Amino acid sequence: MFNVEGFIASLKYMGLGMLGIFVVTIIIISVMALLNKLPSDKENNNQ
């Protein structure tokens, strides 16, 4: 009914997938934080 050995064998691939998602999320957050720190020209032209 439920293949426990197959599930245990697939945990490696599921773990790698979760790690990949985590790394991509950290990269996206880092890029967004970097872009927010850069000055914008719109703020300087409103004077």
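What FRET efficiency, computed as 1/(1 + (r/R0)^6) with R0 = 30 Å and r the Cβ-Cβ distance, is obtained for residue 27 and residue 1, rounded to the nearest 0.05? E(calc), rounded to 0.05, equals 0.15.
Note on residue 38/residue 18: beta-carbon distance plugged into 1/(1 + (r/R0)^6) with R0 of 22 Å gives a FRET efficiency of 0.10.
Read-outs: derived from the displayed coordinates by stated rules, not from any lab. These numbers were taken from a predicted model, which means no experiment stands behind them. Ideal geometry is used to build each Cβ from the backbone, glycine not excepted, and the neighbour counts take in all protein chains shown.
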